[in-house]
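Colleague: Structure provided below as structure tokens; questions to follow.
The values are calculated or read from the model by the stated rules, or taken from the named source; none is laboratory data. None of the values given here were measured: they were computed from a predicted structure. When we count neighbours, we look across all protein chains shown, and the Cβ atoms used for this are built from the backbone with ideal geometry, even at glycine. Surface accessibility is based on the protein's heavy atoms, side chains included, excluding ligands, DNA and RNA. Shrake-Rupley method; radii C 1.70, N 1.55, O 1.52, S 1.80 Å.
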Amino acid sequence: MYKLILFLQVIILIGSSISYQSDNVWYCRDDLYCLPLRNNNEQSTVQTFENQNICRLMCGKFGGLWPKPTLKCNLEKSTVGVNAELIRFEYPQSDDVMREYLNEVSFLFLKNINDECGNICNSPSDTEMFIHLSINELSSFKLTHDTDESYQLNISTSDNKINAHISSNTVFGTRHGLETLAQLMVKIVDDKQRNGLVTVSSAEISDKPYYKHRGLLLDTARHFIPIETILKVLDGMSVNKMNVFHWHITDSQSFPMEITRVPQMHLNGAFSSDKVYSQRQINDIVKYAKYRGIRVIFELDAPAHAGHGWEWGKKEGLGNLAVCVDNQPWRKSCIQPNCGQLNPANDNLYSVLRDIYQDIRDYKEKGEFFHMGGDEVFMNCWNNTKEITDYMQSNGYALTTEGFLDLWSEFQRKALDAFDSISDEKIPMVLWSSELTLPNNIDKYLPKNRYIIQTWLPDTSDVPEKLLKKGYRLIMSTKNAWYFDHGFWGITQYYSWKKVYANTLPRHPLVLGGEVCMWSEYCDEHSVEFKIFPRLNAAAERLWTNPATDLKSAEPRFNRQRERIIARGIKTDATIPEYCALFEGECN
């Protein structure tokens with residue numbers, strides 16, 4: 001008898017749990033949380049919705065938008081159905097290049113709402129949607145650090161017609177406006193189990209990013225990350241209006257980038273012949289990113305983090321281009337295995353660098369930043385290499401810390417000269433923070449008008465503030481919040497999305513923005529998406545909106561954005577138990 005009673009209790013509990021979903025009745029509590037209605041008797045006293053995502057569209061000032069708009073956001077608390085097959089675009093007159101871009105971003109918009117609908121939007125509706133695009137600068141298709149990404153979105157409904165007007169100064173603002181419009185469209189299932197879409201009946205949104213530089217660094221040298229995975233990462237960035245893909249494409253472990261002028265680099269440096277990013281693939285990634293409003297910044301790390309790919313010089317009569325390559329025990333020659341550091345005593349190094357820079361110049365957008373690396377130079381490597389110490393002594397460098405900094409700065413100056421020799425413009429160069437960039441050293445070695453410093457320091461460091469006072473521009477990658485490899489090795493700590501979200505940057509005109517960093521020692525194609533998402537979403541709102549750190553109001557929208565990127569086919573980690581996502585606010 002006891003077993004029978006227990007079995008019946010379980011059936012009742014399961015039936016009760018299922019009823020929260022099968023009834024499809026949700027309500028907005030405190031204009032913040034969307035919850036299933038537990039008591040049907042309350043249904044007449046509150047506005048109810050057919051599913052949680054429609055409730056989320058109506059609940060709170062910003063509905064389910066992520067990142068939330070910065071200037072104005074007025075959303076009508078009523079919905080209207082949309083026939084996905086009756087969406088029409090109105091473009092301004094433009095040249096073929098601009099027309100192609102508008103066609104592509106329009107196609108991506110339709111794909112995104114189809115993904116939201118579950119790939120089958122077959123619920124009938126008489127309501128048409130007309131999307132009117134107005135762009136002030138139709139002659140400019142250049143995506144740079146200074147590109148205006150602002151937009152205005154206005155939605156109105158009359159009879160069976162929805163008008164969505166997106167106005168912007170550039171097509172990249174238009175792209176962001178279309179992303180916002182897509183986020184205002186939510187799946188609904190009719191009584192015949194057919195999927196459809198609803199949106200708000202009216203809206204006024206005015207939006208622009210707080211920080212211009214909103215990036216993700218992806219390391220593809222410690223593990224080769226296939227093109228298909230990189231494209232998925234770019235898709236996830238675009239959902240979040242992130243605009244910089246920092247491609248850490250080479251390191252001491254591998255050199256997987258095809259260099260047509262110096263093919264010895266990838267032929268000797270790739271893990272295997274099928275783990276090389278070809279010229280065509282690199283160009284395709286740059287184009288794919290641009291259609292999603294994302295710039296690509298290439299990094300060729302130097303003079304440290306340079307090993308495999310550089311060993312061929314002596315065999316071909318150019319001497320040692322790199323030293324300490326694969327030295328053992330590695331702890332005496334580098335920060336992590338395998339070792340390798342460029343040889344500033346060999347003048348042939350700079351002609352090779354010039355050829356590599358020419359290929360990179362051809363890959364990147366004209367005027368785009370270039371990242372010259374510059375982190376973790378290991379003085380012991382150079383100090384234990386006779387060729388280098390002889391060079392230092394013959395050129396008047398003391399074998400001291402200051403002498404090695406002088407040698408390092410000589411390398412940096414010659415490398416910059418090599419880049420400038422193949423370019424008709426002096427573009428901004430980015431360097432990692434290091435001993436060379438410490439406030440007491442930087443004035444001597446690096447001119448502020450040419451270099452941007454990317455700091456990878458904890459939030460307790462006063463170095464960024466001191467560099468700002470000296471007039472240096474900064475990109476910030478807070479080490480104890482935005483290093484996504486932490487928590488998977490050594491004694492490092494994993495940073496939850498809340499820690500990522502709470503990481504504020506200085507409000508200073510010389511702070512260009514920030515980047516989260518996905519170093520790949522401990523992730524590959526099978527895990528990299530999970531380790532990036534959905535934590536990247538949190539950094540995206542920090543960089544776009546720079547909001548007050550109100551995790552209570554952010555979490556429901558954050559969870560909605562996680563669902564959205566899952567719908568778009570991006571592998572995404574879980575951040576809370578499913579119960580807590582369904583019963584918002586009850587796990588706080």
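Colleague: Taking the residues in segment 52-76 that are open to solvent by 30 Å² or more (accessible area, probe 1.4 Å) and in contact with a strand residue (DSSP E or B) (Cβ under 8 Å, 6 or more places away or on another chain) as candidates, determine which candidate is farthest from residue 205 (Cα to Cα). Break it down into steps so the answer makes sense when it comes.
Modeller: First, pick out the residues of segment 52-76 that are open to solvent by 30 Å² or more (accessible area, probe 1.4 Å): 53, 61-62, 68, 70-72, 74, 76.
From what's left, in contact with a strand residue (DSSP E or B) (Cβ under 8 Å, 6 or more places away or on another chain): 53, 61-62, 70-72, 74, 76.
Working: 53: 20, 61: 11, 62: 10, 70: 9, 71: 8, 72: 5, 74: 6, 76: 11 Å.
In this case the residue turns out to be 53.
Colleague: Filter segment 84-135 down to the residues that are hydroxyl-bearing (Ser, Thr, Tyr) and assigned to a helix (DSSP H, G or I) and list them by number.
Modeller: So in segment 84-135, the residues hydroxyl-bearing (Ser, Thr, Tyr) come out as 91, 94, 101, 106, 123, 125, 127, 134.
Hits for segment 84-135 are 101, 106.
Colleague: Before we move on, is residue 454 within 25 Å of residue 147 (Cβ to Cβ) and not in a helix (DSSP H, G or I)?
Modeller: Details: within 25 Å of residue 147 (Cβ to Cβ): yes; not in a helix (DSSP H, G or I): yes.
Answer is yes for this residue.
Colleague: Has segment 72-95 got at least one residue that is within 25 Å of the chain's Cα centre (by Cα) and at pLDDT 90 or above? Before the answer, list the steps.
Modeller: Of the residues in segment 72-95, the ones within 25 Å of the chain's Cα centre (by Cα) are 72-73.
After this cut, where a residue has to be at pLDDT 90 or above as well, the list is 72-73.
Yes; the residues of segment 72-95 include at least one that is within 25 Å of the chain's Cα centre (by Cα) and at pLDDT 90 or above.
Colleague: Right, next: Which one is nearest to residue 521 (Cα to Cα), of the residues in segment 322-337 that are open to solvent by less than 50 Å² (accessible area, probe 1.4 Å) and at pLDDT 95 or above?
Modeller: Among residues in segment 322-337 that are open to solvent by less than 50 Å² (accessible area, probe 1.4 Å) and at pLDDT 95 or above, the one nearest to residue 521 (Cα to Cα) is 325.
Colleague: In the list 309, 317, which residue meets the criterion of being closer than 30 Å to residue 435 by Cα, at pLDDT 95 or above and of a type in the set (Gly, Ala, Ser)? Even if it seems obvious, please write down each step before you answer.
Modeller: Values: 317 fails: closer than 30 Å to residue 435 by Cα.
None of the others qualify; the one that does is 309.
Colleague: Further question on the same structure: Looking for whichever is crowded, with 16+ Cβ neighbours inside 10 Å and either β-branched (Val, Ile, Thr) or farther than 27 Å from residue 544 by Cβ (or both) here; the options are 85, 104, 128, 116. Which one fits?
Modeller: Working: 85 fails: crowded, with 16+ Cβ neighbours inside 10 Å; 104 fails: either β-branched (Val, Ile, Thr) or farther than 27 Å from residue 544 by Cβ (or both); 116 fails: either β-branched (Val, Ile, Thr) or farther than 27 Å from residue 544 by Cβ (or both).
Among 85, 104, 128, 116, only 128 is crowded, with 16+ Cβ neighbours inside 10 Å and either β-branched (Val, Ile, Thr) or farther than 27 Å from residue 544 by Cβ (or both).
Colleague: Which residue is most open to solvent (accessible area, probe 1.4 Å), if the candidates are limited to segment 458-472 and must be part of a helix (DSSP H, G or I) and among the charged types (D, E, K, R)?
Modeller: Here is the first cut: in segment 458-472, the residues part of a helix (DSSP H, G or I) are 463-469.
If we keep only those that are among the charged types (D, E, K, R) too, we end up with 465-466, 469.
Working: 465: 105, 466: 96, 469: 160 Å².
Step by step, filter segment 458-472, then rank; the result is 469.
Colleague: For segment 286-294, check the following and say yes or no: at least one residue is in contact (Cβ under 8 Å) with a residue 12 or more places away in the chain and over 27 Å from residue 210 (Cβ atoms).
Modeller: So the first thing to find is which residues in segment 286-294 are in contact (Cβ under 8 Å) with a residue 12 or more places away in the chain, and the list is 286, 288-294.
If we keep only those that are over 27 Å from residue 210 (Cβ atoms) as well, we get none.
No, the conditions are met nowhere in segment 286-294.
Colleague: Here is a check on your reading of the model: is residue 489 open to solvent by 10 Å² or more (accessible area, probe 1.4 Å), among the hydrophobic types (A, V, I, L, M, F, W, C) and free of Cβ contacts under 8 Å to residues at least 40 places away in the same chain?
Modeller: Values: open to solvent by 10 Å² or more (accessible area, probe 1.4 Å): yes; among the hydrophobic types (A, V, I, L, M, F, W, C): yes; free of Cβ contacts under 8 Å to residues at least 40 places away in the same chain: yes.
Judged against the criteria, residue 489 is a match.
Colleague: Looking at (1) out of contact with any helix residue (DSSP H, G or I) (no Cβ under 8 Å at 6 or more places or on another chain); (2) of a type in the set (A, V, I, L, M, F, W, C); (3) outside any loop (DSSP other than H, G, I, E, B), which is the one condition that is false for residue 517?
Modeller: (1)
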